[in-house]
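Q: Here you go, one structure.
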Amino acid sequence: MISLATARERWSSFLGCFVAVALGVAVVAMSGLVLLSDGTKVPQRLAGAPVLVQSPAGTQTGGVFVENPPWAPQRAEELRRKLAELPGVAEAVADRSFYAQAAGTEQRGGERQGHPWSAAALAAYDLSEGRPPATAGEIVLDRSLGFAPGEPVTVLTARGPQRFSVSGTMNGPGYYVTDRRASELAGGVRTIGLLLEPGTDATRAVAAARRVVGGDGTVLAGASRDALAPKQDEMTRWIGGQVLTAMALLSAFVTVFIVSSTFAFAVAQRRREFGLLRTIGATPRQLKRLVHGEALAVGAVAAAAGALLGVVLAPTMTGLLIDAG
């Protein structure tokens, strides 16, 4: 018979293995879910356009993430005009993006961008309050920043702080000024969005746009439009992916080490018990089957519990990574 003390030692070892496996699988599952569920997405400010044309990529050195250079002003206008004349295209809108951030606010990635008001037609959101900018001193911005129509705001740009009056707010990120003011603050056109007439086949529009653009740009549609996500966001996601991968690998290594050590210690403690079993006729194969069966049972139950725990913790981990930038 097994003594009470021996039974307690056995259950203590089983519990230690259970906790180690459950926590290890939870970290691996949580990291894997965050890695698989997240990815570069079509920017909200461009998601309303089914077809987008991106300027050609420049030369990258040292693995640095850099934005595509803009077209020459004359070429950008020529492309926009030709694309607007294509069958089924209701409007071709040039997006002149520039750095912008409201003073005293914390923002990340693509949120630090200003655009001409005409480019608001490409967005997947609309005005929530107020009206579009009508003069060079007016601006429409994200309502989550806490500004209301009529309030003054200082916006940091590459040309220094600019004073604006809020004419309206939107349900999405970005800063929108008049087209003329945007042309003064922006470095050029990197994106042209195509708005299609109702019933137009997007596939045909893409083919026609590619014939117009040729090798002077890339025509994107559907999920491929995520190529227009800010390069800084891509770098941030890459760094986050490396952190999560390292967490998963380290957790798997530690889990295997702890479980193997715990089971080895448990087997060593049960030498007397195994000796008694051998005395009454148990074979070495039966003893191995007993130990392997116990390990399999504890591992299966702990892995299932850890997977469920990882699913529960994944949203929390995602929130922490977002808060950390």
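The values are calculated or read from the model by the stated rules, or taken from the named source; none is laboratory data. Computed from a prediction, not measured in an experiment: that's the story for all the values here. Ideal geometry is used to build each Cβ from the backbone, glycine not excepted, and the neighbour counts take in all protein chains shown.
Q: Regarding ARG180, is this residue at pLDDT below 95 and surrounded by fewer than 21 Cβ atoms within 10 Å (Cβ to Cβ)?
A: Criteria met by ARG180.
Q: Oh, and also: Kindly provide the set of residues from the stretch 313-322 that are farther than 17 Å from ALA248 by Cβ and hydrophobic (A, V, I, L, M, F, W, C), ordered by number.
A: ILE322
Q: How many residues are in a helix (DSSP H, G or I) and of a type in the set (S, T, N, Q) when one looks only at the stretch 191-212?
A: 1
Q: While we're looking at this one, here's another question. Among the residues of the stretch 132-154, count how many are over 17 Å from THR105 (Cα atoms) and surrounded by 12 or more Cβ atoms within 10 Å (Cβ to Cβ).
A: 7
Q: Tally up the residues in the stretch 273-310 that are acidic (Asp, Glu) and more than 22 Å from ALA252 (Cβ to Cβ), please.
A: Total satisfying the criteria: 1.
Q: Could you say whether any residue in the stretch 249-270 is among the charged types (D, E, K, R) and either closer than 30 Å to LEU86 by Cα or assigned to a helix (DSSP H, G or I) (or both)?
A: Scanning the stretch 249-270, I find no residue that is among the charged types (D, E, K, R) and either closer than 30 Å to LEU86 by Cα or assigned to a helix (DSSP H, G or I) (or both), so the answer is no.
Q: Between GLY188, GLY168, which is in the same structural domain as ALA94 (by TED's automatic domain parsing), in a strand (DSSP E or B) and among the small types (Gly, Ala, Ser)?
A: Testing whether each residue is in the same structural domain as ALA94 (by TED's automatic domain parsing), in a strand (DSSP E or B) and among the small types (Gly, Ala, Ser) leaves just GLY168.
Q: Go through (1) at pLDDT 80 or above; (2) surrounded by 15 or more Cβ atoms within 10 Å (Cβ to Cβ) for ARG237 and report which single condition fails.
A: (1)
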